[in-house]
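What follows is a single structure, written as structure tokens, with notes after it.
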Number of protein chains: 4
Amino acid sequence: MAIVLGPNRYGKAETRVVRVTRAADGTHALTDLNVSVALSGDLTDTHLTGDNAHVLPTDTQKNTVYAFAKQHGIASPEAFGLLLARHFTSSQETITGARVDLEEYPWNRLGPHSFSREGSLVRTASVEVSGSAETVFGGLTGLTLLNSTDSEFAGFIRDDYTTLAETSDRILATAVDARWRFPAVDADFDAVFAAARDALIDAFTGTYSYSLQQTLFAMGKAVLEACPDLSEVRLRLPNKHHFVVDCTPFGLDSAPEVFHADDRPYGLIEGTVVRDD
Amino acid sequence: MAIVLGPNRYGKAETRVVRVTRAADGTHALTDLNVSVALSGDLTDTHLTGDNAHVLPTDTQKNTVYAFAKQHGIASPEAFGLLLARHFTSSQETITGARVDLEEYPWNRLGPHSFSREGSLVRTASVEVSGSAETVFGGLTGLTLLNSTDSEFAGFIRDDYTTLAETSDRILATAVDARWRFPAVDADFDAVFAAARDALIDAFTGTYSYSLQQTLFAMGKAVLEACPDLSEVRLRLPNKHHFVVDCTPFGLDSAPEVFHADDRPYGLIEGTVVRDD
Amino acid sequence: MAIVLGPNRYGKAETRVVRVTRAADGTHALTDLNVSVALSGDLTDTHLTGDNAHVLPTDTQKNTVYAFAKQHGIASPEAFGLLLARHFTSSQETITGARVDLEEYPWNRLGPHSFSREGSLVRTASVEVSGSAETVFGGLTGLTLLNSTDSEFAGFIRDDYTTLAETSDRILATAVDARWRFPAVDADFDAVFAAARDALIDAFTGTYSYSLQQTLFAMGKAVLEACPDLSEVRLRLPNKHHFVVDCTPFGLDSAPEVFHADDRPYGLIEGTVVRDD
Amino acid sequence: MAIVLGPNRYGKAETRVVRVTRAADGTHALTDLNVSVALSGDLTDTHLTGDNAHVLPTDTQKNTVYAFAKQHGIASPEAFGLLLARHFTSSQETITGARVDLEEYPWNRLGPHSFSREGSLVRTASVEVSGSAETVFGGLTGLTLLNSTDSEFAGFIRDDYTTLAETSDRILATAVDARWRFPAVDADFDAVFAAARDALIDAFTGTYSYSLQQTLFAMGKAVLEACPDLSEVRLRLPNKHHFVVDCTPFGLDSAPEVFHADDRPYGLIEGTVVRDD
């Protein structure tokens, strides 16, 4: 019974590239990416014998990220990922698959060539090219939102291990991790990002919540309604617990005004919302 | 065209449970886990209307982790995960699937009831129960290994973006992330862990390496050879680059003795090694 | 020659308290703090014999943080720190000194009771009370700023270990860590914070820089000019290096448009700017 | 009333240098350091006008770290820090003070040129040279220790905010941060490190504890007794709380066997133990 190589891939992870574009009037634009490349193909030799004739070095992948940023600019994380993935799979006979994961760190303009890092929100993209099949995902992480009321949690199952009290007024807080699939690879990626982000925020803010699951579905639905180009959005919402501190032992009233923001454990609600074609 | 709920799950992530077992002679044993539970089933109502009648609260899941640690002890992360996953899927009609991910932080014994945290190595397990199907993975992360020689990298593809020089003597360093699948759920999980860990270390140390891919395959093969119970091991090996610092501008010789340990980017080599049944 | 106890203190670190204030019209306000308390005093017994009769438990300190947030609200981190420090030193005979360090995480209003976490900027305060002496510091960390031009670095010392080329056009990026001392403890802490933060941003943005030291002094000076109440500001500015990637090996021009954002090492410039009374 | 420059310093932080020494028989030795340099001196010009004629670039400081590692090897973090600090202050007229902070990451030998990263313990050193005054500190961080019994906490102050129950059996866990001052700069740094580390572990393990303060003093005393060369040790001990989970609501007994390992808040006990000359 032989021992053999199964699925495999390799690449350069977390190349941190910053692209500055200088307009004629002295105004600069800035794009700040973290790019991870993973390639697959005919790579048995390097695994079995260490013969690297089919291996495009990860150092070359890094150089390509820089060179493409220079030559082509960065139109959007999705478009830049597509450029790279198509290049790797089309230029090397031995490389038949490429996945490129990208994070974009947004900067806020302060002046013609001055910027500040905005928030904890990170825009994400993921591109896969395998032969003629091309898949593009957009998304975001780190969008931290909180409603200080209009959130209940009640009517749930009670078993032998349940001690949780029902509540009709709690803080609901999360850090949104969203990922949407583009049915077509020529979408207006930036417009979709802006519309999806706004829809997520508005739906979180505007939903009177009976469970984080309900809020999740409302957020996913809002994204699909705002973005007719999208057919699917996946959400991953940690329930960042804020526990009411009982101050009655200290002679104070019981109105829920002081909360302990806990680190761990946390709830984690994951769900996909899809257009039913 | 309707917007509908797709795949979804929810649970309590990162419950940090420490179980102490006190022997009659005053010797204590300690198990230190981080447990994440994700449940799935008939959960449409909570998403669409906020009706939580089918929802076992994540708080209850946390309580169950603690109660089971108390009542049953923690034989191994794999066995504890199985206990929990079987409980959630068998005790609630609305819950049909459970995934439990576990991290175990090893402690080194210093005395009858004294311990120190050992290294950065974390033992991992992942259990999925869905109806009668049960899947168990074991593994580890954070096993940081380094060979200061016996590593080459040459003979690779050169394209327009390649500037890397070939090398016949480099540092090879990684932090092993390994995950093995148990064909049977009644394996001796602890024995497999110990044998697999040792096999990984020995294979990394003992392989004269022409590529990290070659080392990866050697490590996976060693695990399968040492553990006849296993049919598959997946490895994820960052290439933690150590670049030779050129000290010749300072009037010093060029022997590769001083290295810059870089953070990012890093190579990332992923592969599965399987028994060919 | 005896072995004796020297300076010591103890307390509860990182109490994460969120205070919600509900206005009659349904509008909520939110204050999100991380509070660390350290007490000192007549504490020799607990160190030498384990007699805790002089020890106010750290758990009680945590409770006090919550109770005071409930009872008094949180006017500002500085004011809340003063309240706490005065309480600990005045209410316990054995506690003669208190230091309270506070971080405030700013939230952006999205609706009457909806908020998003703003940026990476954290407002800081540090209060020390020892007998009748009271010292208050305000400050901020995590204010990440970048100029993509108008920064030079040249004319520096060259010794046997210098390889750095002079540059007349580089990216200058930092994450500001600032701390200002209030000569009086009844200052308008919020107004000073807002004015100091704006002065830091404007001075960074508006300074044509020949060294990060020069920018540091300009920033400190701007704070003192904007805040006549302050007599001293201390700045700690990492130089977050962005290295131009040389794309000429790839047949591309040498205009500095693509940069590698490096993690480590980084420059670190620290300095105090003072009003010369 | 003028605004002027106060105390200031600058340098290169976190240079990650790995030094390999190759013995004639093929055995390698490995030293892995993180080095941060901060220089001070006659630096007013660069702050006020951007004239850098007195500035030794931080890039040169980094090169010097690498070059000295190559030329002199790394006898110990303390000795290497002294070499660097003396060099910077003696070779440049404008630089009169140097502080070098070092972290050493220990590696465990697996073979003649194979190593694994040991634990979370980091050896630390801090060297300051100012004119003819030389100060050297050794130390460690990240030594994580736990006693699962032989720890009580009772007899403490109770005030209006105290809810903590007394306990005669708790888990005591900490991550030791220790720093010792060498009265003479020609000490046997490695021998002191080994003896101090062992004394810290033995004293923590061997002390029946009535408070973490008492354990702290016992640990400091043990270091000074084991290391006659030292006159002072400063300890910083987080109290990493492990709370007993009450499993009686689940029909289980109340023996303290299951604990929740909490992240925040945590106690923080700091104290100095000195030889009374």
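Coordinate-derived values only; no laboratory data. Nothing here was measured: the structure is a model prediction, and the numbers come from that model. Here the Cβ is made from the backbone with ideal geometry for all residues, glycine too, and neighbour counts use every protein chain on show.
Observations on the model:
- Residues whose placed amide H lies under 5 Å from that of A:V55, excluding near-sequence neighbours: B:I157
- Shape metrics for segment D:138-277, restricted to C-alpha atoms - Rg then Dmax, Å: 17.5, 63
- The mean number of partner chain beta-carbon atoms within 10 angstrom of a residue's beta-carbon across peptide D:161-167 is 6.
- Segment C:74-139: C-alpha pair distances exceeding 15 Å, %: 57
- Estimated from helices alone, the mean residue ellipticity of chain D at 222 nm is -8000 deg cm²/dmol (sum of -39500 (n - 2.57) over DSSP H runs with n ≥ 4, per residue).
- Taking label points 7 Å from Cα along the Cα-to-Cβ direction, C:R109 and D:D51 give a separation of 5.1 nm.
- Helix C:58-72 and the longest principal axis of the C-alpha atoms of chain C enclose an angle of approximately 90°.
- Volume per residue for segment A:1-149 equals 161 cubic angstrom (convex hull of Cα atoms).
- Degrees separating the helix C:189-206 axis from the principal Cα axis of chain C, which is the longest one: 10
- Once the chain from A:A154 to A:S132 is taken as fully extended at 0.36 nm per residue, the excess over their C-alpha distance is 3.0 nm.
- D (Stokes-Einstein, µm²/s), Kirkwood Cα radius, chain D, 0.890 mPa s at 25 °C: 113
- D:T167 paired with A:T44, simple spin-label distance in nm, labels 7 Å along Cα-to-beta-carbon: 5.9
- Cα centroid separation, segment B:31-58 to segment A:17-74 (Å): 41
- With eigenvalues of the C-alpha gyration tensor scaled by 5 and rooted, segment D:106-151, Å: 30, 23, 6
- Highest-MSF residue in chain A out of A:Q61, A:Q71, A:Q92 [GNM, Cα springs under 10 Å]: A:Q71
- Interchain or long-range residues, amide H under 5 Å from A:G267's placed H: A:N239, A:H241, B:A13
- Comparing mean-square fluctuations of B:G139, B:G251, B:G220 from a GNM of chain B with C-alpha springs under 10 Å, the top value falls on B:G251.
- A simple rule links phi to the HN-Hα coupling: the Karplus curve 6.51 cos²θ - 1.76 cosθ + 1.60 with θ = phi - 60°, which for segment C:233-250 gives 9, 10, 10, 9, 10, x, 8, 7, 5, 10, 8, 4, 8, 7, 9, 5, x, 9 Hz, with x for Gly and Pro.
- In Hz, Karplus ³J(HN,Hα) per residue of segment A:155-167 (6.51, -1.76, 1.60; θ = phi - 60°; x = Gly, Pro): x, 8, 4, 10, 10, 5, 10, 8, 10, 4, 7, 6, 9
- DSSP beta bridges fully contained in segment A:139-277 are about 95 percent antiparallel.
- The value of relative contact order for chain A, using C-alpha pairs under 8 Å at least six residues apart, is 12 percent.
- All lysines inside 28 Å of D:K62 as judged from Cα atoms, apart from same-chain residues fewer than 8 positions distant: A:K12, A:K62, B:K240, C:K240, D:K12, D:K70
- For a label point 7 Å along the Cα-to-beta-carbon line of B:E93, residues of segment B:19-46 with backbone N under 14 Å: B:42-43
- Neighbouring partner chain Cβ atoms per residue of C:67-78, average, 10 Å criterion: 3
- Amide H contacts of D:G6 (H built 1.01 Å from N, under 5 Å, at least 5 apart or other chain): C:T272, C:V273, C:V274
- In this rough spin-label picture, where each label sits 7 Å from Cα along the Cβ direction, the D:T248-A:Q71 distance is 7.3 nm.
- Scaling the Cα radius of gyration of the protein assembly as shown by the globular reference 2.2 N^0.38 Å produces a ratio of 0.94.
- Partner shielding of A:238-250 amounts to 4, given as the average count of beta-carbon atoms from other chains within 10 Å of each residue beta-carbon.
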